[in-house]
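Colleague: Below is the structure I would like to discuss, written out as structure tokens.
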Amino acid sequence: MTTIAAVAIPRRSITLDLRAVKIVMQRDLIRTYQDRTRFVSALVQPLLFLFVLGSGLSSLTKGSTGPIDLRTFMYPGILATSTLFTAMFSAMSIVWDREFGFLREMLVAPVRRSSIILGKALSGATIATLQGVLVLLLGFFVNVPLTPGLAVQLLAEVFLLSFTLTSLGLAIVSRITQVQTVMGLMQVFLLPLSFLSGALYPLSNLPTWLGIVVRLNPLTYAVHPIRTAVFDRLTLPDSVRAQLNPAITWFGWSVPTAVQLLLVATIGLTLFVVAVAQFQKVE
Amino acid sequence: MNAVEVRGLTKSYGAVEAVRGVDFDVRTGETFGFLGPNGAGKSTTIKILCTLAKATGGSASVAGFDVQGQRDDVRRHIGLVFQDTTLDTYLSAEMNLRFHAELYGMPRESVQPRLQQVLEMVGLWERRASKVLTFSGGMKRRLEIARGLMHSPRVLFLDEPTVGLDPQTRASIWDYIERLRKEEDITIFLTTHYMDEAEHCDRIAIMDEGKLVALDTPAALKASVGTDRVTIRTDDDDEALVRLPGAIRTSEGVVINVEDGEAYVPQLFESLGVPITNVSISRPSLDDVFLSYTGRTIRDTESAGPQLPPFMAAGRGHR
């Protein structure tokens, strides 16, 4: 009989934790690759929003959007919304892992829980960004001046947003044991987050209550930089710019794009810490 | 050094005491069986030993490391096979093992040889590229055992390794466990509620209602309950019980443990004074051991459930 080389497992180190992060990500990417149909079918929603809802509504709004196509206006919001859906659904995969037992295999390993959750958050962000590449291509059909510079900027913003949203998703689902429950719960978050973010309408002249709610929604601060990136590359009269992409103000102060992105990043990190703490609890 | 040392271990879930003060040692290199009906506290004890649950009181060490204070050290030195499958069924067998190797930080150069070794041991090397969802229940369990061994643990925990499998597959899982003992220098800690399987163990502990009621080799435990077991059915069991000191009533009839069953039965017919309708004699099995230590057969406890008020019985499903 062959003697078996006893494997000595080294003590925990940063290197080992990074290996854990990487393998958790890698597994999710393999699973997504195997399930390409779902990846592509997630495009149906942005297509409907952009070409059906967008085209249908533009006949109504003709004149009010000035020289700009309504669909060009909607495009940044739809990019953000599709990121929202993909990122939140990626976070759901951890509930599947729990229901089918695989989460346990991950949670008994001699690595930090935060490595596992970081792997999950990064895989969700990566998948949502890859999805973003597909949605980005739709920009060509709705007069978005897609230069390489704009594409890189948009994808970087989408990546940041999707990390935050995956962390939100992980924090929400951390205590849920059944996929059925999470399906319902996601519905509670998805549409309100997207409808109250200014993804589909401009933030100018909103009723006071709506203006307040929109300002409280973190997604608003991701939609606005994405739209600003697109609008910066359009030649528009200032009046149209002020009407369709007004600055977000806090008590009269226009919040700069950098502060908005920082805010999204901070919320993302906070939610990530919350998610890790949730998974840290031992029976 | 003992592979596992447990001292005064307790665990409560709210008002329900799942483990009520347990002490035992598992010697290095032995196969140690943990027996008891569902809800006896076996799985809770295992969870504590595997660092998946915190003890309410007492202490425990595994492979020389304290389960509370040195959680990661314990985790690096144990392998786990749970009752429910924890495989990713959409990945191949090989990918499941590679995932495990990465998660446990195995030295890269040792992954491939070890992978082949453990897959060959459980007879799945040829199927390494197949997705796990194409595997039968027995193959999945074997793959989990292989995965539990990947990182050369000092102690392998098997929680009900054969539950839900057909008898033939159960037997083959036991063949693999036997091989494993010979080939790997390892301590095996397993739970089961199949008494016949406990025979494979060097020593067994019987747990009932959160306490250890017996701990010895299977042979010694059987010897301790007498040599033969006589079961009778009579026209009046109550009267028979009164006339036979030491007899117990079970779902199968009235049971008496005696030295020599064959010689005892004719005497019994003459002297009992209650008409006997049926009689059987059996050599003691671990079922009888269980019966004598807990007052119930393990099948009685399975069907009737623990004799607790319903609200507590519900809580015990927690394990």
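Where a number appears in this text, it was derived from the coordinates with a stated rule and is not lab data. Keep in mind that this is a model prediction, so the values were computed, not measured. Don't worry about glycine lacking a Cβ; one is built from the backbone with ideal geometry, like all the others, and counts go over all protein chains shown.
Colleague: Residue farthest toward the positive end of the dipole of the protein assembly as shown, with Cβ of Lys/Arg at +1 and Asp/Glu at -1: which of A:Ser123, B:Pro218, A:Tyr221?
Modeller: A:Tyr221
Colleague: Something else now. Looking at the protein assembly as shown, what % of its DSSP beta bridges pair antiparallel, to the nearest 5? Before the final figure, lay out each step's value.
Modeller: On the way: 37 of 55 bridges.
The antiparallel proportion sits near 65 percent.
Colleague: Please label the shape of chain B as rounded, prolate or oblate, based on the square roots a ≥ b ≥ c of the eigenvalues of the alpha-carbon gyration tensor (a/c under 1.5 means rounded; beyond that, a/b larger than b/c means prolate, else oblate). It would help to have the intermediate numbers written out before the result.
Modeller: Values: a/c = 2.35, a/b = 1.85, b/c = 1.27.
Prolate is the answer for chain B, as a/c is 1.5 or above and a/b outweighs b/c.
Colleague: Please give me, ordered by residue number, the chymotrypsin sites (Phe, Trp or Tyr not before Pro) of segment A:190-283 that lie in loop per DSSP and have at most 12 other Cβ atoms within 10 Å. Numbers along the way, then the final one.
Modeller: Values: sites: A:Phe195, A:Trp209, A:Tyr221, A:Phe231, A:Trp250, A:Phe251, A:Trp253, A:Phe272, A:Phe279; in loops: A:Phe251.
Filter output for segment A:190-283: A:Phe251.
Colleague: So, counting K/R as plus one and D/E as minus one, what does the shell of residues with Cβ under 15 Å around B:Ile186 add up to?
Modeller: Numbers: positive: B:Arg27, B:Arg76, B:Arg114, B:Arg147, B:Arg154, B:Arg179, B:Arg181, B:Lys182; negative: B:Glu30, B:Glu178, B:Glu183, B:Glu184, B:Asp185, B:Asp202.
Here the charged neighbours net out to +2.
Colleague: Could you compute Rg(Cα) / (2.2 N^0.38 Å) for segment A:162-224, with N its residue count?
Modeller: Details: Rg = 13.6 Å, N = 63, 2.2 N^0.38 = 10.6 Å.
Here the answer is 1.28, to two decimals.
Colleague: What 222 nm value per residue comes from the helices of chain A, counting each DSSP H run with n ≥ 4 as -39,500 (n - 2.57) and dividing by all residues, nearest 500 deg cm²/dmol?
Modeller: Numbers: 13 runs with 196 residues, N = 283.
Mean residue ellipticity, 222 nm, calculated: -22500 deg cm²/dmol.
Colleague: Which of the three applies to segment B:62-208, rounded, prolate or oblate, going by the alpha-carbon gyration tensor with a ≥ b ≥ c and a/c under 1.5 meaning rounded? Let's see the in-between values first.
Modeller: Working: a/c = 1.69, a/b = 1.09, b/c = 1.55.
In terms of gyration-tensor shape, oblate.
Colleague: A follow-up question, please. Expressed as an acute angle from 0 to 90° and rounded to the nearest 10, what is the orientation of the C-alpha long axis of helix B:167-183 relative to the principal long axis of chain B?
Modeller: Its long axis makes an angle of about 60 degrees.
Colleague: Let me ask you something else. Quote the charge dipole size of the protein assembly as shown about the Cα centre in Debye, to the nearest 20; the model charges only the Cβ of Lys and Arg (+1) and of Asp and Glu (-1). Intermediate values should be presented prior to the final figure.
Modeller: On the way: 58 positive and 57 negative charges, 656 e Å.
My answer is approximately 3140 debye.
Colleague: Hey, another quick one. Most fluctuating residue of B:Gln168, B:Gln68, B:Gln83 in a GNM of chain B with Cα springs under 10 Å: which is it?
Modeller: Result for chain B, Cα springs under 10 Å: B:Gln168 fluctuates most.
Colleague: Still on this model: Picking from B:Gly164, B:Gly105, B:Gly14, which is most flexible by a Gaussian network model of chain B using Cα springs under 10 Å?
Modeller: Largest GNM mean-square fluctuation: B:Gly14.
Colleague: Counting pairs of alpha carbon atoms under 8 Å apart in space and at least six apart in sequence, what relative contact order in percent does chain A give? Walk me through the numbers on the way to the answer.
Modeller: On the way: 327 pairs, mean separation 68.8, N = 283.
Normalised by residue count, the contact order of chain A is 24 percent.
Colleague: Compute the distribution of all C-alpha to C-alpha distances in the protein assembly as shown, in bins of 20 Å from 0, and list the percent of pairs in each, rounded to whole numbers.
Modeller: So the P(r) values, bin by bin, are 17, 39, 26, 14, 4, 0.
Colleague: If you don't mind, another one. Return the loop-located trypsin sites (Lys or Arg not before Pro) in segment A:10-102 (DSSP other than H, G, I, E, B) with at most 15 other Cβ atoms within 10 Å of their own Cβ; answer none if there are none.
Modeller: Values: sites: A:Arg11, A:Arg12, A:Arg19, A:Lys22, A:Arg27, A:Arg31, A:Arg36, A:Arg38, A:Lys62, A:Arg71, A:Arg98; in loops: A:Arg11, A:Arg12, A:Lys62.
Taking segment A:10-102 and a limit of 15 other Cβ atoms within 10 Å, the loop trypsin sites (Lys or Arg not before Pro) found are A:Arg11, A:Lys62.
Colleague: Give me the angle, in degrees from 0 to 90, between the Cα long axis of helix B:93-103 and the longest principal axis of the Cα atoms of chain B, rounded to the nearest 10.
Modeller: Helix B:93-103 sits at roughly 70 degrees to that axis.
Colleague: If you don't mind, another one. Cα centroids of segment B:95-151 and segment A:225-283: how far apart, whole angstrom?
Modeller: 45
Colleague: On a 0 to 90° scale, report how tilted helix A:179-195 is relative to the longest principal axis of chain A, with both axes built from alpha carbons and the result rounded to the nearest 10.
Modeller: That helix lies at roughly 30 degrees to the long axis.
Colleague: Suppose every Lys and Arg Cβ carries +1 and every Asp and Glu Cβ carries -1, with no other charges. What dipole size does segment B:1-102 come out with about its Cα centre, to the nearest 20 debye?
Modeller: Values: 11 positive and 12 negative charges, 53 e Å.
Value, rounded to 20: 260 debye.
Colleague: Got a sec? Charge dipole of chain A, +1 on Cβ for Lys and Arg, -1 for Asp and Glu; which of A:Gly149, A:Gln243, A:Leu168 is way out at the positive end?
Modeller: So the residue we want is A:Leu168.
Colleague: Using only Cα positions of segment A:1-115, each an equal point scatterer, no hydration layer, compute I(q)/I(0) via Debye at q = 0.11, 0.22 Å⁻¹ and quote the log10 values to two decimals.
Modeller: Treating every Cα as an identical point scatterer, log10 I(q)/I(0) equals -0.61, -1.22.
Colleague: I've got another one for you. Just check segment A:138-184 against the gyration tensor rule for me: Cα atoms, a ≥ b ≥ c as the square roots of the eigenvalues, rounded for a/c under 1.5, and otherwise prolate or oblate depending on whether a/b exceeds b/c.
Modeller: Numbers: a/c = 6.67, a/b = 2.50, b/c = 2.67.
Taking the square roots of the gyration eigenvalues as a ≥ b ≥ c, segment A:138-184 is oblate.
Colleague: Highest GNM mean-square fluctuation, chain A, Cα pairs closer than 10 Å: which of A:Val111, A:Val144, A:Val188?
Modeller: A:Val188
Colleague: Using only helices, what value at 222 nm comes out for chain B when you add -39,500 (n - 2.57) per DSSP H run of length 4 or more and divide by the total residues, to the nearest 500 deg cm²/dmol? Walk me through the intermediate numbers first.
Modeller: On the way: 13 runs with 121 residues, N = 319.
Calculated at 222 nm, the ellipticity per residue is -11000 deg cm²/dmol.
Colleague: Something else about it: Which of the pairs A:Lys120/B:Lys131; B:Lys54/B:Lys182; B:Lys47/B:Lys140; A:Lys22/B:Lys11; A:Lys281/B:Lys211 have their Cα atoms more than 30 Å apart in this structure?
Modeller: Numbers: A:Lys120/B:Lys131 22 Å; B:Lys54/B:Lys182 33 Å; B:Lys47/B:Lys140 21 Å; A:Lys22/B:Lys11 36 Å; A:Lys281/B:Lys211 27 Å.
Over 30 Å Cα-Cα: B:Lys54/B:Lys182; A:Lys22/B:Lys11.
Colleague: Is there a quick way to get the dipole size of chain B? I mean about its Cα centre, with the Cβ of Lys and Arg at +1 and of Asp and Glu at -1; what is the value in debye to the nearest 20?
Modeller: Numbers: 37 positive and 46 negative charges, 307 e Å.
Using only the charged Cβ atoms, the result is roughly 1480 debye.
Colleague: Hey, what does the equivalent ellipsoid look like for segment A:47-105, semi-axes from the Cα gyration tensor as sqrt of 5 times each eigenvalue, largest first, whole Å?
Modeller: 40, 10, 6
Colleague: Just to confirm a number: summing +1 for Lys and Arg and -1 for Asp and Glu over residues other than B:Val132 whose beta-carbon lies under 9 angstrom from that of B:Val132, what do you get?
Modeller: Details: positive: B:Lys131, B:Lys140; negative: B:Asp88.
After counting each charged neighbour, the total is +1.
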